Structures are given as C-alpha cells and as structure tokens.
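First comes the structure, then the notes that go with it.
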Amino acid sequence: MTEAVLPPGAVIDDEGIWNQVLRRPGGSPRPALLLDRDGVIVIEVNYLHKVEDVRLEEGAAALIAAANARDIPVGVVTNQAGIGYGHYGWADFAAVQERILGDLAAEGAFVDAVFACPHHTKGKPPYQHPNHPARKPNPGMLERAGRRLNLDLSRSWIVGDRAGDLEAGRRAGLAGGIHVLTGHGAQKGERDGALALNTRTFLALGAPTLAEARPLIPLLG
C-alpha cells in the first residue's frame, strides 16, 4: 500500500509503523486517553480484517465521546500481528479503520490518531522482529502518540484488554491504566498480570467493561 493511496493523515514510517493523525491538538502538552483497539473499541474476532466484521464494543463510543467533550485527545495504539503474519495487508487495515471511524462518528465520537505495529517475532519479512520497540508491551507506539499529538504522557491513561497494554503504558511513563474483561481480558493471567503492574507512579486498575472503566479514569471525572 503506497502513501498515494493511504487515507487522510496516514503515513507508514521508516520502521513500518502506521501513524495516522486526524487532529493535532494545539496549545501546551495535555494528557490523553490511549486505547487498544481489538477487544476494547471493537469486538475481538481474531485478526480483524473484514469491514463486515466490525462491531463496536458497548460503551466504546460513549467513552471516547466523553473524552472529546473534555477536549482530551484520544489515541488508538494497536498491535497488528495479522499483517506481520501475512494474513492481511495495510489496505485491509485501512478499510477496517475507516469503518471503525465511521461507526464512532455515527455515535458522536472521534479519535485524534491511530498507531499500528505489524511486527512480531513470528512475522514474515520485513515484519519479523524478535522484540520491536513499537510492539506492546514496548512503549514505542505510545511514545509516537506523545510526539505526534504533543501529549503529556505523565498524566495520560491507557485502557486495554491485555496486561501488555498496561505494561506499555507503564513503560511509557503514563499515570495509569485500566484493564477490561472484554476481548482477551478474561483469559487466564491477564487481569492478575495487569494489576501486578501497579506501582507508586503507575496506577493499574481493573473494570469489567468500558462503561465501568469510565469513572475510574481521572481525566473523565
């Protein structure tokens, strides 16, 4: 997929990471809400790549709209090993993203940026990498969000269905994270692994769903 046919605001950078900035907040650095995609914003279907399989998780649009109403930037940070494995390509990812953005817009919600990492230790070249800095639980995508959106990561929060989502948040210096039980969240070890990340400087919390996560996020209080 060449840049000539990428959707508005999107580039694939020199490391093969999808960077799509739809709105760059002005002014001084501000805290943001960062969200995993599959199992958090949309229902997990394993390697989502068909537009017809896109379904928003209950409460996703409301959570994002609440951040929008407070002028809090919202960023999506998603591992996309399916691209690395060769199950689908960037064109499929772009089509799915456009559907997600459209479904959110229909419910009065929008995201400011989307970052996606295709690298995986079992990926096919050029996406085979033993531990790429952008693949969660590494913080590379979150750090990109910080630079591209002019964020104050130290006051930002992440929501994910994997312990690795919260670990990426801790490594990026975020204030905290919420683990939800949707998607892969109920799998053995995920909740315990997420809550074990709690430290003096990173608050790790759990909630069953996005609706119940919302009151736990200080940015939305």
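Read-outs throughout are calculated quantities, based only on the coordinates presented, and are distinct from any laboratory measurement. This structure is a prediction, so every number in the text was calculated from the model and none was measured. All Cβ positions, even for glycine, are placed from backbone atoms using ideal geometry, and neighbour counts span all protein chains on display.
Odds and ends about this structure:
- Only Cα pairs under 8 Å and 6+ residues apart enter the sum, and on that basis the relative contact order of the chain stands at 22 percent.
- A full extension of the chain between A196 and Q128 corresponds to an added length of 21.5 nm, given 0.36 nm per residue minus the alpha carbon distance.
- Paramagnetic reach from F110 in region 50-91 [backbone N under 20 Å; point 7 Å along Cα→Cβ]: 56, 60-77
- Anisotropy class of region 8-220 from Cα gyration tensor, a/c 1.5 cut: rounded
- Counted as membrane-span-like here are DSSP H helices of the chain whose alpha-carbon atoms extend 20 Å or more along the helix's own axis and whose Kyte-Doolittle mean is -1.0 or above; these are 90-106.
- Taking other residues whose beta carbon is less than 15 angstrom from the beta carbon of A65, and scoring Lys, Arg as +1 and Asp, Glu as -1, yields -3.
- Cα→Cβ-extended label distance, 7 Å offset, between K188 and H87, nm: 2.2
- If you run the Gaussian network model on the chain, springs between alpha carbon atoms under 10 Å, then out of P139, P25, P118 the most flexible one is P25.
- Cα shape, region 101-221, gyration tensor, a/c 1.5 rule: rounded
- With both labels modelled 7 Å from their Cα along Cα-to-Cβ, the E15 to V45 distance reads 3.0 nm.
- The magnitude of the dipole of the chain, with charges of +1 and -1 set on the Cβ of Lys/Arg and Asp/Glu and taken from the Cα centre, is near 600 debye.
- Split the chain at each of the trypsin sites (Lys or Arg not before Pro) in a DSSP loop with at most 15 other beta carbon atoms within 10 Å, and the longest piece is 123-187.
- Taking D71, D92, D13 in turn, the Gaussian network model of the chain (Cα-Cα springs below 10 Å) assigns the largest fluctuation to D13.
- Mean-square fluctuations from a GNM of the chain, with a 10 angstrom spring cutoff on Cα atoms, peak among V77, V114, V45 at V45.
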